[in-house]
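The values are calculated or read from the model by the stated rules, or taken from the named source; none is laboratory data. Given the structure is predicted, the values throughout are model-derived calculations rather than measurements. Cβ atoms come from the backbone with ideal geometry, glycine included; neighbour counts cover every protein chain shown. All accessible areas refer to the heavy atoms of the entire protein, side chains included, with ligands and DNA or RNA removed. Shrake-Rupley method; radii C 1.70, N 1.55, O 1.52, S 1.80 Å.
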Amino acid sequence: MTSLDLITIGRSSVDLYGVQVGGRLEDMASFNKYIGGSPTNIAAGTARLGLRSALLTRVGDEHMGRFIREQLVREGVDVRGVRTDPERLTALVILGIRDQDQFPLIFYRENCADMALCEDDVDPAFIADARCVCATGTHLSHPNTEKAVLKALGLARENGAKTALDIDYRPNLWGLAGHGAGESRFIESRAVTAKLQSTLPLFDLIVGTEEEFHIAGGSTDTLEALRAVRRITPATLVCKRGPMGAVVFEGEIPDSLDAGQKGQGFPIEVFNVLGAGDGFMSGLLKGWLTGEDWPTSLKYANACGAFAVSRHGCTPAYPSWEELQYFFERGIRNKALRKDAALEQVHWSTNRKTDWPVMRVFAFDHRMQLEALAEEAGAAPERIGAFKELCLKAAQQVAGGGSGYGILCDGRLGRDTLYRAAGSGLWIGRPVEWPGSRPLTLEAEIGPDFGGLCEWPVEHVVKVLCFYHPDDPPELRANQEETVARLFAAARRNRLEMLLEVIPSKVGPTDDDTVAKIIDRFYEIGVYPDWWKLEPMKTEASWANACEAVRRNDPYARGIVVLGLDAPAAELEESFALAAGFDLVKGFAVGRTIFGDAARGWLAGTITDAEAIEEMAARYSSLCAVWDKARAKGGKA
């Protein structure tokens with residue numbers, strides 16, 4: 001038995017995608033960064049669909065190379081075959097969306113890392129671990145990379161594995177066009193045709209557009225080109241025909257392309273064709289490698305291609321398996337798929353990276369409370385930032401590099417602490433509300449248009465506390481709902497997760513249904529937080545109702561964390577015992593119970609840095625143990 005379904009071989013780049021749509025690439029003002037390169041996209045796309053996928057390539061020994069490797073790991077791709085090249089830079093591609101027909105791109109691939117892939121990079125044991133090896137055409141364009149591809153294909157065939165080729169013809173990557181012709185998809189070349197035809201017998205499956213079969217077959221007549229390929233290889237041929245769908249030929253080529261096997265098509269609005277072929281290939285390989293017939297495999301492929309052409313970016317556009325099934329069951333509600341809110345919610349939720357089954361969060365995002373403590377101690381306000389750095393050190397001491405730990409820290413008083421926490425492995429929540437505001441207003445850094453979120457690292461989670469009650473006056477309720485809804489939209493636009501905290505008991509009487517009503521209301525207005533932060537409720541019924549409200553509205557919600565409200569440790573232990581009985585409650589986010597006494601002593605100058613850290617670490621560690629013990633008794637809802 002092999003541990004891998006698929007190994008893809010070849011290009012790996014960082015795609016810098018122009019954010020603005022409808023202008024020239026020359027005028028692009030900002031870019032989103034994604035992984036790219038056909039084999040890299042396919043590896044990630046198939047992993048999203050549930051295949052055990054791996055990539056064989058090279059990346060540079062720098063930030064972009066590390067980004068590719070880390071992102072592949074997040075996508076669930078095996079990176080044993082991703083070699084780090086100490087001498088060459090990771091390839092870059094700059095892309096844009098000019099209109100529905102023009103998609104300019106520039107390949108920065110001069111002596112890049114992935115084009116240095118060589119035979120020595122191909123480990124026979126690694127290849128033997130896969131049921132299929134998939135190559136793409138670009139790596140047949142250079143003698144060294146061609147040798148690596150041929151070695152991998154030879155080993156795969158010796159092992160009885162399947163082999164596949166995505167022709168992936170880019171004329172300028174074969175030296176047939178200048179750097180400004182990255183968008184070009186076809187230039188005739190006898191040399192390229194000869195090179196491709198020398199390798200075609202090595203494949204069981206060959207996939208390409210009509211133009212790509214033109215170069216493979218040496219004819220601009222598609223049927224003649226397919227017949228030329230058929231004379232060389234008995235492989236299954238899949239010809240992509242754009243809006244007319246794709247057709248499969250297992251035997252002789254008929255007199256009409258329409259006579260090939262077909263799958264269900266999905267007529268949607270074309271927004272961006274870049275990466276659509278890799279999405280198509282991902283769906284096709286999912287069907288082929290799981291034993292589906294060709295009409296079913298083409299259905300998968302066509303749907304994945306439809307997602308790709310309707311969204312921004314390549315890999316980020318591809319669906320998860322859950323999303324694909326949802327799409328098949330629900331059908332097309334809006335031909336501009338990216339504007340289908342329900343579908344986009346499933347896409348977002350099922351493609352989030354990094355799992356957090358346990359949440360032990362040290363919350364020191366407090367501003368108003370720490371400012372009061374500093375004033376009480378006669379300490380300069382600037383000291384608060386230094387204290388928050390001690391809080392981070394305490395959190396890291398307890399976490400010890402393990403998973404399931406996090407912090408809440410603000411950007412106004414704790415900016416330097418946030419800088420130091422970046423990339424540490426901690427879950428990082430960052431508040432946006434102005435402390436104590438009702439109606440809800442936000443910190444100045446967020447800006448009147450909420451544009452300040454564009455400066456946030458994508459690992460930061462937008463945390464907002466709203467003092468909201470179902471019985472609030474209509475005007476107040478509408479004001480707060482509008483702010484939260486706008487914030488949610490801004491967070492999603494900036495690819496940031498969101499945590500919504502509600503504390504109704506501070507502004508009105510509560511019963512077992514109060515929090516559930518609040519949860520239902522926010523979902524009703526289109527707010528789907530990744531996380532909920534709820535006060536420690538007193539009854540099992542209130543927790544059951546709240547959890548049911550979340551599950552009913554959003555089965556993909558990450559979960560709930562319990563806040564502390566400066567409760568003494570004994571009281572928190574009691575509330576943890578009740579909340580931990582519900583699986584949807586993942587942990588806690590507690591602050592003053594951990595840092596309160598240490599802050600008073602440190603700001604007053606009666607304890608040292610080390611003593612403050614040690615005291616907070618001890619309290620944090622104790623709460624973690626209390627939660628873990630409560631959780632060990634088992635959840636039930």
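Only one of the listed residues (PHE467, PHE522) is at pLDDT 95 or above, among the aromatic types (Phe, Trp, Tyr) and farther than 24 Å from ARG551 by Cβ. That residue is PHE467. Quick check: anything in segment 49-67 part of a helix (DSSP H, G or I), more than 19 Å from HIS312 (Cα to Cα), within 17 Å of the chain's Cα centre (by Cα) and without any contact (Cβ under 8 Å) to a residue 24 or more places away in the chain? Within segment 49-67, one or more residues are part of a helix (DSSP H, G or I), more than 19 Å from HIS312 (Cα to Cα), within 17 Å of the chain's Cα centre (by Cα) and without any contact (Cβ under 8 Å) to a residue 24 or more places away in the chain. Could we say that GLY508 is in a loop (DSSP other than H, G, I, E, B) and in contact (Cβ under 8 Å) with a residue 60 or more places away in the chain here? The answer is no for GLY508. A single member of GLU389, GLU376, GLU322 is among the acidic types (Asp, Glu) and either in contact with a Phe, Trp or Tyr (Cβ under 8 Å, 6 or more places away or on another chain) or farther than 18 Å from PHE595 by Cβ (or both), and it is GLU322.
Here GLU375 fulfils each of the conditions (1) within 25 Å of GLU455 (Cα to Cα); (2) at pLDDT 95 or above; (3) among the acidic types (Asp, Glu) apart from (1). Checking TYR17, TYR34 one by one, the residue that is under 26 Å from SER424 (Cβ atoms), touching a residue at least 60 places away in the same chain (Cβ under 8 Å) and touching a strand residue (DSSP E or B) at 6+ places or on another chain (Cβ under 8 Å) is TYR34 and no other.
Return yes or no: is GLU535 surrounded by fewer than 18 Cβ atoms within 10 Å (Cβ to Cβ) and not basic (Lys, Arg)? So GLU535 fails the test.
Assess whether ASP628 counts as being part of a loop (DSSP other than H, G, I, E, B) and either within 21 Å of TRP531 (Cβ to Cβ) or of a type in the set (Phe, Trp, Tyr) (or both). Walk me through how you get there before you give the answer.
On the way: part of a loop (DSSP other than H, G, I, E, B): no; either within 21 Å of TRP531 (Cβ to Cβ) or of a type in the set (Phe, Trp, Tyr) (or both): yes.
No; evaluated as a whole, the condition is false for this residue.
One residue stands out in segment 450-473 among those that are among the aliphatic types (A, V, I, L, M), touching a Lys or Arg at 6+ places or on another chain (Cβ under 9 Å) and open to solvent by less than 50 Å² (accessible area, probe 1.4 Å): the one that is nearest to PRO435 (Cα to Cα), namely LEU465. For segment 225-274, name all the residues that are over 29 Å from SER189 (Cβ atoms), open to solvent by 50 Å² or more (accessible area, probe 1.4 Å) and assigned to a loop (DSSP other than H, G, I, E, B). Scanning segment 225-274 gives LYS262, GLN264, PRO267, GLU269.
Of all residues in segment 398-412 being open to solvent by less than 20 Å² (accessible area, probe 1.4 Å) and not in a loop (DSSP other than H, G, I, E, B), which is farthest from VAL464 (Cα to Cα)? The selected residue is ALA399. The single condition from (1) more than 34 Å from the chain's Cα centre (by Cα); (2) assigned to a loop (DSSP other than H, G, I, E, B); (3) hydroxyl-bearing (Ser, Thr, Tyr) that SER184 fails is (1). Restricting attention to segment 418-430, does a residue exist that is part of a loop (DSSP other than H, G, I, E, B), surrounded by fewer than 19 Cβ atoms within 10 Å (Cβ to Cβ) and of a type in the set (D, E, K, R)? Within segment 418-430, none of the residues are part of a loop (DSSP other than H, G, I, E, B), surrounded by fewer than 19 Cβ atoms within 10 Å (Cβ to Cβ) and of a type in the set (D, E, K, R).
Among the conditions (1) touching a helix residue (DSSP H, G or I) at 6+ places or on another chain (Cβ under 8 Å); (2) on the phi > 0 side of the Ramachandran plot; (3) open to solvent by less than 30 Å² (accessible area, probe 1.4 Å), the only one that ALA317 does not satisfy is (2). Picking from residues in segment 301-335 that are more than 21 Å from the chain's Cα centre (by Cα) and in a helix (DSSP H, G or I), the one that is modelled with the lowest pLDDT is ARG330.
Within segment 577-586, not a single residue is under 21 Å from GLU389 (Cβ atoms), assigned to a helix (DSSP H, G or I) and open to solvent by 60 Å² or more (accessible area, probe 1.4 Å).
Looking only at residues of segment 551-568 that are touching a helix residue (DSSP H, G or I) at 6+ places or on another chain (Cβ under 6 Å) and not in a loop (DSSP other than H, G, I, E, B), we find that the one that is most open to solvent (accessible area, probe 1.4 Å) is ASN553. Restricting attention to segment 51-108, the residues that are of a type outside the set (Lys, Arg), modelled with pLDDT under 95 and open to solvent by 60 Å² or more (accessible area, probe 1.4 Å) add up to 4.
For GLY96, the criteria (1) touching a Lys or Arg at 6+ places or on another chain (Cβ under 9 Å); (2) assigned to a helix (DSSP H, G or I) hold in every case but one, which is (2). Reported count of residues in segment 336-372, each being β-branched (Val, Ile, Thr), open to solvent by 20 Å² or more (accessible area, probe 1.4 Å) and at pLDDT 95 or above, is 2.
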